[in-house]
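To start, the structure under review is shown below, and the notes come after it.
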Amino acid sequence: MNNQPQPEEIDILQFFNAVGKFFKSIFNGIKNAILSVFHLFLDFLLYLKKNYLYLGAGVLLGLLFSFFSTSGKKELYISKALVHTNYQSQFLLQELFDSFNYMIKNHKTDLLAGELGIDEETAKHFVHFEMEPVNNDVYLIEEYDNYLRTKDTVVYQFMEFKDFKREMLKNPEINTYWELSVKANQPGVFGVLNRALKNMIEQDKGIAKRQKNLSMALETIKEKNLQSLQDIDTMRAIFNKVYLELAQKDPSVVSSIVVSKIQNITNEVEETDYNLFDERMITLINLENSVLRLNKFADPLVYLSSFTTTGKKEESILYNKYVLSALLGFLLVLFILFAIDFNRYLNRYKQSKQAKTTS
């Protein structure tokens, strides 16, 4: 009996051996990289230990400088607002914030005051404007529903909520819910922003045109639903009058009509059966939706929570002048030590190179 392995079995064994070596080399590479980073970290700690006196002196000098310095960084205050943007006004809002930050950076407080419609004394206290998209499922579901209302029913099976959410996270600029953050070096200057930002958004011609077009469309839908509701009520009044006249002539006729109507509604025998009660309910729902959409899109910028009149003190340690000065002193001494050691390395390299050329 021949027990020698076949060529196919040898190829499979060689394949699995190669795969095993490949993964082993990957794991060894990852292990060596982690060990290298760890050893580098230990070397850095040893370097700090070796020069702890110099570094400590740098921290102490930084603290002394901040203690005796009268300038330092002013305390910062922050105020936030949550807004819903309609008619793509988030793009204009981002442009405005970028423009405000440019004016602040270049000390053009007169231009900032003119843009916001406030006095220059108030404008000079603003430090930074920022806006971040709010990715909250409650808001996203509402936006998803509004999105589907504008599309054909075929879209429902191709765009599920998880797909909609993924696209919103991938393209945050199309989000309609935003958190606005404004920093200033005085606590009581934020109240002017609510009206100022709203006015600037509403005065944009492109946004005003989009708002007018949608408002006209929604008003038309509302009027159509109101007219349909009036027609249905008129028809119901006519039917009631006919039933009343029939009842006066022959009560048995009205009874048979009512029984037949109830039977048709209960069993849904005929799809063409004209049910005024159902039609009226559907019309009322459509009317309610149109009114809700009119209210939702009444303004380009809707404040869900406004800027507070007085801001909160910024709690970041980087804005503490003592911490910042100590950190800068530490980094400055560390940079000087690195520069000295690097210069020594260059001198040794130069000497070794000269030694090789002379030998």
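Out of (1) of a type outside the set (Lys, Arg); (2) in contact with a Phe, Trp or Tyr (Cβ under 9 Å, 6 or more places away or on another chain); (3) in a helix (DSSP H, G or I), what's the single condition that is false for THR220?
(2)
Any idea which of (1) surrounded by 11 or more Cβ atoms within 10 Å (Cβ to Cβ); (2) of a type outside the set (Gly, Ala, Ser); (3) at pLDDT 80 or above; (4) part of a helix (DSSP H, G or I) is the one GLN351 doesn't satisfy?
(1)
Could you pull out the residue among ASP43, ASP110 that is closer than 29 Å to LEU332 by Cα, of a type in the set (Asp, Glu) and part of a helix (DSSP H, G or I)?
None of the other options fit; the residue is ASP43.
With the structure loaded, tell me whether VAL134 is farther than 17 Å from HIS84 by Cα and surrounded by 15 or more Cβ atoms within 10 Å (Cβ to Cβ) or whether it fails that test. First the steps, then the outcome.
Numbers: farther than 17 Å from HIS84 by Cα: no; surrounded by 15 or more Cβ atoms within 10 Å (Cβ to Cβ): yes.
So VAL134 does not fit the description; no.
Considering only region 180-214, how many residues are in contact with a His (Cβ under 6 Å, 6 or more places away or on another chain) and in a loop (DSSP other than H, G, I, E, B)?
To start, the set of residues in region 180-214 that are in contact with a His (Cβ under 6 Å, 6 or more places away or on another chain) comprises 183-186, 189.
So of that shortlist, the ones also in a loop (DSSP other than H, G, I, E, B) come out as 185-186, 189.
Matching residues across region 180-214 total 3.
Just a yes or no: is a residue in region 71-93 in a helix (DSSP H, G or I) and among the acidic types (Asp, Glu)? Break it down stepwise before answering.
Let us first name the residues in region 71-93 that are in a helix (DSSP H, G or I), namely 89-93.
Filter once more, so that each one left must be among the acidic types (Asp, Glu): none.
No: zero hits.
Within region 56-68, does at least one residue satisfy the condition of being at pLDDT below 80 and either closer than 30 Å to PHE307 by Cα or outside any helix (DSSP H, G or I) (or both)?
No, every residue in region 56-68 fails to be at pLDDT below 80 and either closer than 30 Å to PHE307 by Cα or outside any helix (DSSP H, G or I) (or both).
The values are calculated or read from the model by the stated rules, or taken from the named source; none is laboratory data. Keep in mind that what you see is a predicted model, and the values were worked out from it rather than measured. Methodologically, a virtual Cβ is constructed for each residue, glycine included, from the backbone with ideal geometry; neighbour enumeration extends over all protein chains shown.
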